[in-house]
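What follows is a set of notes on a single structure, which appears directly below.
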Amino acid sequence: MASKLTTVFCKNLFAGKVAVVTGGGTGIGKAISKELAELGCRVVIASRKLSTLEEAAKELNKYVTDKDQVKSSVVYPFQCNIRHEDQVEALMDYTVQQHGRIDYLVNNGGGQFMSPLAYMKTKGWNAVIDTNLNGTYYCLKHAYHKWMKENGGSIVNIIVDMLTGFPGMAHTGAARAAVENMSKSLAVEWASDGVRINNIAPGVIYSPTAAANYKSDDVFDMYLENIPARRVGYPEEISGAVCFLLSPAASYTTGVTVAIDGAWGLYKKNYEVPDHEGKWPLGVHSDYVKSKL
Ligand SMILES: NC(=O)c1ccc[n+]([C@@H]2O[C@H](COP(=O)([O-])OP(=O)(O)OC[C@H]3O[C@@H](n4cnc5c(N)ncnc54)[C@H](OP(=O)(O)O)[C@@H]3O)[C@@H](O)[C@H]2O)c1
């Protein structure tokens, strides 16, 4: 369904530009693709499910055309599993060959599941690291070599709000912390090529597809009391920040992470710590500690 919220940026801000948005057919990625397209950008949306991408492209192209922004189709689907380096290379090749350039890369495609680390299967751990860390690495490397090394560009990675750890989903916390650190390295390594790279750490962002991943809307409700804003966020609240970071307004901004979370990250307590039952070491002032137990 088309959102009521529209962009705050000026018409044609991204005219003549080309973006690749992974996971651009659903949720946060779809909102980002929609706003980029509305601002005149040509957008290649890439993920595993071609039918979802095709449907999203149709809907977004109709939206943009109805708004009389751009007459031609501006969102293009491309099937790509970012876990496979050859598919990522094909995505970047396709974008340069068919659309002429890659000005912007939004590494949004990803996923995870809830489980304490001790009970995670290694296969699940590897799948999350493979998608969220290795997949991002493949996208960065091939966008750089196919276009940005010679021509510059701007990159935004969608990570998670793992700045105080991510108990209950340690695999994604580890992968995204690695992406954040990699971005700091690349902000320096690629500065001389005119490439900027930044991260957005969303808090709890509701979309029907995100809820379906966790198999219920209750997953979002359970966070509410720990969000000072007292509500979840919405994909459009992420996309505006992505557009800002990609745009010339952020031309001196690189290597940073912006948390968009209604202050959840400053306040969060989303993991119940069970009673220690005497297992935690008492330390040197044990008499004082025992008197408090
Ligand atoms: N919603 C939140 O509260 C929240 C908070 C923090 C961070 N995030 C992150 O934000 C991003 C977008 O999430 P969302 O909430 O919008 O959920 P979503 O709608 O489920 O989006 C995830 C997207 O990633 C794509 N994807 C997953 N695995 C992929 C792979 N191997 N290769 C290519 N694409 C892949 C999916 O498409 P296919 O299934 O077609 O591949 C889907 O479009 C994710 O990285 C998510 O972890 C979300």
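Annotations for the structure displayed:
- Residue in the range 132-145 that is closer than 22 Å to Tyr252 by Cβ and crowded, with 23+ Cβ neighbours inside 10 Å present: yes
- Any hit, the range 50-65, residues being surrounded by fewer than 23 Cβ atoms within 10 Å (Cβ to Cβ), without any contact (Cβ under 8 Å) to a residue 24 or more places away in the chain and more than 29 Å from Tyr138 (Cβ to Cβ): yes
- Contacts under 9 angstrom Cβ, first residue in the range 197-217 being within 22 Å of Thr52 (Cβ to Cβ), partner part of a strand (DSSP E or B) and among the hydroxyl-bearing types (Ser, Thr, Tyr), 6 or more apart: none
- Assessment of the range 89-97 against the conditions (surrounded by fewer than 16 Cβ atoms within 10 Å (Cβ to Cβ) and assigned to a loop (DSSP other than H, G, I, E, B)) yields no matching residue.
- Hey, Asn157 more than 19 Å from Tyr76 (Cα to Cα) and more than 18 Å from the chain's Cα centre (by Cα) or not: no
- Residues (surrounded by 18 or more Cβ atoms within 10 Å (Cβ to Cβ) and either free of Cβ contacts under 8 Å to residues at least 40 places away in the same chain or within 11 Å of the ligand (Cβ to nearest atom) (or both)) located in the range 178-195: Val179
- Elements of the type helices (runs of 4 or more DSSP H) sitting completely within the range 196-275 and holding at least 1 residues that are closer than 30 Å to Asn12 by Cα and more than 16 Å from the ligand (Cβ to nearest atom): these cover 235-246.
- Pairs are defined by a Cβ separation below 8 Å, a sequence spacing of at least 6 or placement on different chains, a first member in the range 247-269 that is touching a residue at least 60 places away in the same chain (Cβ under 8 Å) and surrounded by 15 or more Cβ atoms within 10 Å (Cβ to Cβ), and a second member that is among the polar types (S, T, N, Q) and part of a helix (DSSP H, G or I); the pairs so defined are Gly255/Ser183; Thr257/Ser183; Trp264/Asn226; Lys268/Asn226.
- One residue stands out in the range 74-83 among those that are part of a loop (DSSP other than H, G, I, E, B) and in contact with a strand residue (DSSP E or B) (Cβ under 9 Å, 6 or more places away or on another chain): the one that is modelled with the lowest pLDDT, namely Val74.
- Tally of residues being within 14 Å of Cys80 (Cβ to Cβ), touching a residue at least 60 places away in the same chain (Cβ under 8 Å) and in a loop (DSSP other than H, G, I, E, B) across the range 15-29: 2
- Verdict on Asn126 being within 14 Å of the ligand (Cβ to nearest atom), in contact with a helix residue (DSSP H, G or I) (Cβ under 7 Å, 6 or more places away or on another chain) and either polar (S, T, N, Q) or touching a residue at least 12 places away in the same chain (Cβ under 8 Å) (or both): no
- Phe113 falls short on exactly one of the conditions (1) over 24 Å from Asn134 (Cα atoms); (2) within 12 Å of the ligand (Cβ to nearest atom), and that condition is (1).
- Of the listed requirements (1) more than 10 Å from the ligand (Cβ to nearest atom); (2) of a type in the set (D, E, K, R); (3) part of a loop (DSSP other than H, G, I, E, B), Asp86 misses just one: (3).
- Check on Tyr104, away from the ligand (no atom under 13 Å from the Cβ) and under 30 Å from Ala15 (Cβ atoms): yes
- Test: Ile28 is touching a Pro at 6+ places or on another chain (Cβ under 7 Å), modelled with pLDDT of 95 or more, within 15 Å of the ligand (Cβ to nearest atom) and of a type in the set (A, V, I, L, M, F, W, C): yes
- Matching residues in the range 11-25 - criterion: being more than 8 Å from the ligand (Cβ to nearest atom) and more than 17 Å from Ile102 (Cβ to Cβ): Lys11, Asn12, Leu13
The values are calculated or read from the model by the stated rules, or taken from the named source; none is laboratory data. Computed from a prediction, not measured in an experiment: that's the story for all the values here. No Cβ is skipped: glycine too gets one built from the backbone with ideal geometry, and neighbour counts run over all protein chains shown.
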